[in-house]
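Take a look at the structure set out below.
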């Protein structure tokens with residue numbers, strides 16, 4: 001096909017409306033009539049012709065056709081059937097007209113009211129509280145009771161103390177993130193929980209035994225130290241087992257007693273060996289256990305805590321007494337130093353107790369122990385300085401005023417810290433005392449907790465000051 005035919009030209013030079021597109025589209029023929037007029041039409045009853053698309057917009061609102069009802073002069077209202085009453089075929093009565101205007105519904109006076117059904121007992125209604133006291137059925141017991149129910153405070157619920165089963169490890173984080181599992185505080189501010197006459201009698205008996213052992217020989221004092229450490233370790237492991245841990249009791253007590261015994265016999269070089277073997281023995285016990293339910297990690301940690309807290313810190317009493325075994329020139333160094341420590345700690349505890357009971361208003365660490373106050377801490381410090389200076393005047397070893405002030409200052413810092421640490425552990429285990437062997441004082445660990453922190457501090461202070469020179 002030539003180019004002329006493709007452009008729509010015939011052989012005569014006229015305009016041919018037919019174009020041949022070949023095999024793809026074939027022969028296409030266009031209309032010959034003039035289509036310049038409007039392309040849209042709406043029948044014979046249109047109001048006027050729409051403007052051509054090329055004309056600019058006028059901005060007018062389109063005018064619609066008249067309704068078919070006006071064109072046909074039909075006066076029939078198609079919605080009248082819904083507004084007029086309808087006669088039923090059965091009874092001949094007329095139905096009430098339905099209001100479609102959106103107004104409020106009106107019931108026919110002749111229509112009977114809706115029947116209310118009684119609510120079934122025990123039925124739960126969505127949106128109500130089935131445990132509400134107002135919905136609870138009244139019994140004869142409630143009807144006969146004339147006393148009103150006490151109103152519970154809505155500000156804060158009462159704290160609940162959970163009971164832990166043996167083998168269940170208490171999570172201390174529960175006490176910090178929620179109210180459940182919080183520790184109860186059996187003690188009250190003012191120290192009213194101590195039996196003062198009994199505590200005084202027991203303290204006097206212990207003091208007499210200690211002074212008698214000091215006068216006799218250092219080995220006799222070591223016997224008292226070993227008994228106190230062994231009893232304190234037994235109390236701790238017993239309470240730890242009751243709290244859900246599973247420490248090896250026999251191994252723990254033997255290791256705690258072996259530490260001061262080896263320190264008194266060989267020296268501080270024997271302590272790492274004791275703790276290394278104690279840790280290995282504890283690991284072997286849990287490796288041979290039944291499974292992970294032991295539980296090995298927290299139980300081993302509790303075991304090592306007791307070894308460090310009771311065994312290692314208590315060993316410094318043996319190291320101080322070992323001064324007296326170094327020769328005749330040092331015969332009184334160990335016993336004098338240990339006596340000053342014990343006298344200063346007892347004075348700190350007694351003075352803090354009485355001052356805190358009398359004028360204590362500002363709590364020292366209320367979440368640990370509400371008994372301990374800042375006023376009691378100051379009173380204990382004053383009592384410690386007074387007793388240390390008084391005892392130092394009678395000592396042949398600590399005979400310098402500077403040394404007295406130094407040792408009294410160490411006791412004033414370390415003794416309350418040891419007491420707070422022991423109270424913190426008791427609160428975490430939800431107990432008041434670790435034992436009851438010492439009437440009026442609790443257990444051995446409750447009585448000697450302040451000494452455990454004071455002994456190593458005074459030992460190294462003595463090595464630095466060397467008051468015997």
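Quick look at the values:
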item	result
Extreme residue, nearest to the chain's Cα centre (by Cα), among residues of the stretch 322-334 that are surrounded by fewer than 24 Cβ atoms within 10 Å (Cβ to Cβ) and part of a helix (DSSP H, G or I)	322
Subset of the stretch 364-376 [out of contact with any helix residue (DSSP H, G or I) (no Cβ under 6 Å at 6 or more places or on another chain) and part of a helix (DSSP H, G or I)]	374
Given (1) buried (at least 20 other Cβ atoms within 10 Å of the Cβ); (2) within 36 Å of the chain's Cα centre (by Cα), index of the condition residue 392 fails	(2)
Total residues in the stretch 235-263, condition touching a residue at least 60 places away in the same chain (Cβ under 8 Å), in a helix (DSSP H, G or I) and surrounded by 18 or more Cβ atoms within 10 Å (Cβ to Cβ)	5
Qualifying residue in the stretch 363-382 (condition: in contact (Cβ under 8 Å) with a residue 24 or more places away in the chain, closer than 30 Å to residue 468 by Cα and crowded, with 19+ Cβ neighbours inside 10 Å)	yes
Which numbered condition residue 307 fails, given (1) buried (at least 17 other Cβ atoms within 10 Å of the Cβ); (2) free of Cβ contacts under 8 Å to residues at least 60 places away in the same chain; (3) within 27 Å of residue 393 (Cα to Cα)	(3)
Residues being on the phi > 0 side of the Ramachandran plot and either buried (at least 20 other Cβ atoms within 10 Å of the Cβ) or touching a strand residue (DSSP E or B) at 6+ places or on another chain (Cβ under 7 Å) (or both) - total across the stretch 401-443	2
Some residue of the stretch 276-290 being part of a helix (DSSP H, G or I) and touching a residue at least 40 places away in the same chain (Cβ under 8 Å)	no
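Computed from the coordinates by the stated procedures, all read-outs in this text should not be read as laboratory data. Here the structure is a predicted model, which means the values were calculated and not measured. Don't worry about glycine lacking a Cβ; one is built from the backbone with ideal geometry, like all the others, and counts go over all protein chains shown.
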